[in-house]
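Novice: Structure in structure tokens, see below.
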Amino acid sequence: MKAVQYRKVGANPEVVEIDTPTPGPGQVLLKVTAAGLCHSDIFVMSLPEEAYTYGLPLTLGHEGVGVIVDAGEAAKHSVSIGESVMVYGPWGCGRCRQCAEGYENYCTEAARLGIRPPGLGAPGAAAEYMIVDDPRHCVPIGDLDPVTAAPITDAGLTPYHAVKRSIDKLGANSTAVVLGVGGLGHVAIQLIKHLTSADVIALDTVPDHLDLARSVGADHALASNQDAVAAVKDLTHGLGADVVFDFVGITPTIALGAQMCKVRGDWDIVGVGDGVAQVGFFKVPYACRVSTSYWGTRTDLVELVELAQRGVLTVHTETYTLDQAPVAYQKLRDHQVRGRAVLVP
């Protein structure tokens, strides 16, 4: 089968032929119908050799949708052959305290047990077929379009999890700042507008991304530069935003976020950039809650599928074949993708 693999540290991803996998005991085999590409992939492929820990060769793709075509023993009775499903990505042990409470994305045993997410250690969805480690990680999507559904597994799930955590701050007369209107950011804007009554201020450096922000409901769309701090303060009567969602996480966006949050506000750093926040008594507003976020829960993902089926979410996508994956990744690296790039095998 064809697969998109990262095969050498520092090199570009390649399209290669590898063996079609066979599901082992408890595993599920999907024929992939769509696989989303993410800036996290770029982050992984940008790591120097001493920091790279994901194994080689690595079949990329942690946003996967497919049709169940086979299952190993102990899984056959838990799945329906021919059903269309999306893959819940942050695989956990299923037994630790975090998993027991429904937070498999924060599993405390996964690293020790060598459990890795697809595309981020385990073979991912950027291929014609993929293995899912457990039936519980297959979430039915009904008649959702696979291309629309694939980004929901991360570009939807991650901002949904972050927004839900800060939803108590987004009541009447509140303001949310969304830094970075890429795959995650443009979904976050829609979720904030649907779930809360907050005004949304979107910031980005790419004019086309700001147009996208306006089209999905942002109340204001501003260039992401130092002038934006004064603009946000002006729009919030000098107070700052109730919640700042940073979907980039690089030094310039973190510097902006620190200046835009209000007293008792939330500053959620979601993007996996290499920026470092300075947090201290005189560094952030009083009682400002600073947090990071990693994916979301399976409950979150089921809720998102329901929202998508009701037409609440519009995920803007660009489609590519597996053979076009290297081009798609380069466009993603160059910030030339509007919304989400999705591979269709």
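Novice: Sort out which residues of segment 61-81 are more than 17 Å from E128 (Cβ to Cβ) and either open to solvent by 20 Å² or more (accessible area, probe 1.4 Å) or among the acidic types (D, E) (or both), and write them in order of number.
Specialist: The answer is E73, A74, K76, H77, S78, V79, S80, I81.
Novice: Oh, and also: Look through segment 261-313, keep the residues that are open to solvent by 90 Å² or more (accessible area, probe 1.4 Å), assigned to a loop (DSSP other than H, G, I, E, B) and touching a strand residue (DSSP E or B) at 6+ places or on another chain (Cβ under 9 Å), and return whichever of them is nearest to A155 (Cα to Cα).
Specialist: Looking at residues that are open to solvent by 90 Å² or more (accessible area, probe 1.4 Å), assigned to a loop (DSSP other than H, G, I, E, B) and touching a strand residue (DSSP E or B) at 6+ places or on another chain (Cβ under 9 Å), I get V279.
Novice: Pairs please, first residue from segment 91-108 and without any contact (Cβ under 8 Å) to a residue 40 or more places away in the chain, second anywhere and surrounded by fewer than 18 Cβ atoms within 10 Å (Cβ to Cβ) and among the basic types (K, R), Cβ atoms under 8 Å, 6+ apart in sequence or on different chains.
Specialist: T108/R97
Novice: Now, a different point. Any residue that is within 17 Å of the chain's Cα centre (by Cα) and over 19 Å from Q259 (Cβ atoms) - is there at least one of those in segment 165-180?
Specialist: Checked segment 165-180: at least one residue is within 17 Å of the chain's Cα centre (by Cα) and over 19 Å from Q259 (Cβ atoms).
Novice: Sticking with this structure for a sec: State all residues of segment 109-120 that are open to solvent by 30 Å² or more (accessible area, probe 1.4 Å) and in contact (Cβ under 8 Å) with a residue 24 or more places away in the chain; if no residue qualifies, say none.
Specialist: Once the filter is applied, which keeps residues that are open to solvent by 30 Å² or more (accessible area, probe 1.4 Å) and in contact (Cβ under 8 Å) with a residue 24 or more places away in the chain, segment 109-120 yields I115, R116.
Novice: Okay, moving on. If we scan segment 16-35, do we find a residue that is assigned to a helix (DSSP H, G or I) and basic (K, R)?
Specialist: no
Novice: Here's another thing I want to ask about it. Out of the residues in segment 44-60 that are under 20 Å from K2 (Cβ atoms) and of a type in the set (A, V, I, L, M, F, W, C), which is most open to solvent (accessible area, probe 1.4 Å)?
Specialist: Applying the filter and picking the extreme gives L56.
Novice: Between a first residue in segment 301-317 that is over 20 Å from G182 (Cβ atoms) and in contact (Cβ under 8 Å) with a residue 24 or more places away in the chain and a second residue that is open to solvent by 60 Å² or more (accessible area, probe 1.4 Å) and assigned to a loop (DSSP other than H, G, I, E, B), which pairs have beta carbons less than 9 Å apart while being 6 or more apart in sequence or on different chains?
Specialist: Q309/D143
Novice: On to the next question. Taking segment 300-320 on its own, how many of its residues are touching a helix residue (DSSP H, G or I) at 6+ places or on another chain (Cβ under 9 Å) and not aliphatic (A, V, I, L, M)?
Specialist: The qualifying residues number 8.
Novice: If you check I189 against the conditions, is it touching a strand residue (DSSP E or B) at 6+ places or on another chain (Cβ under 6 Å), in a helix (DSSP H, G or I), surrounded by 24 or more Cβ atoms within 10 Å (Cβ to Cβ) and not small (G, A, S)? Spell out how you get there, then give the answer.
Specialist: Working: touching a strand residue (DSSP E or B) at 6+ places or on another chain (Cβ under 6 Å): yes; in a helix (DSSP H, G or I): yes; surrounded by 24 or more Cβ atoms within 10 Å (Cβ to Cβ): yes; not small (G, A, S): yes.
Here the answer is yes, as I189 does meet what is asked.
Novice: In addition: Does K233 meet the test of being more than 23 Å from the chain's Cα centre (by Cα), open to solvent by 10 Å² or more (accessible area, probe 1.4 Å) and of a type in the set (K, R)? Working first, answer last.
Specialist: Numbers: more than 23 Å from the chain's Cα centre (by Cα): yes; open to solvent by 10 Å² or more (accessible area, probe 1.4 Å): yes; of a type in the set (K, R): yes.
Here the answer is yes, as K233 does meet what is asked.
Novice: Which condition number in (1) under 16 Å from the mean Cα position of the chain (by Cα); (2) buried (at least 24 other Cβ atoms within 10 Å of the Cβ); (3) of a type in the set (V, I, T) is the one that I201 fails?
Specialist: (1)
Novice: Let me ask something else about it. Hey, any hits in segment 31-51 for a residue that's of a type in the set (S, T, Y), out of contact with any helix residue (DSSP H, G or I) (no Cβ under 8 Å at 6 or more places or on another chain), over 14 Å from A325 (Cα atoms) and without any contact (Cβ under 8 Å) to a residue 40 or more places away in the chain?
Specialist: Yes, there is a match, as at least one residue in segment 31-51 is of a type in the set (S, T, Y), out of contact with any helix residue (DSSP H, G or I) (no Cβ under 8 Å at 6 or more places or on another chain), over 14 Å from A325 (Cα atoms) and without any contact (Cβ under 8 Å) to a residue 40 or more places away in the chain.
The values are calculated or read from the model by the stated rules, or taken from the named source; none is laboratory data. On a predicted model such as this, the values are computed, not experimentally measured, just so you know. FYI the Cβ positions are ideal-geometry reconstructions off the backbone, even for glycines, and counts take in every protein chain you see. Side chains are part of the model used for accessible areas, which takes the heavy atoms of the whole protein and leaves out ligands, DNA and RNA. Shrake-Rupley method; radii C 1.70, N 1.55, O 1.52, S 1.80 Å.
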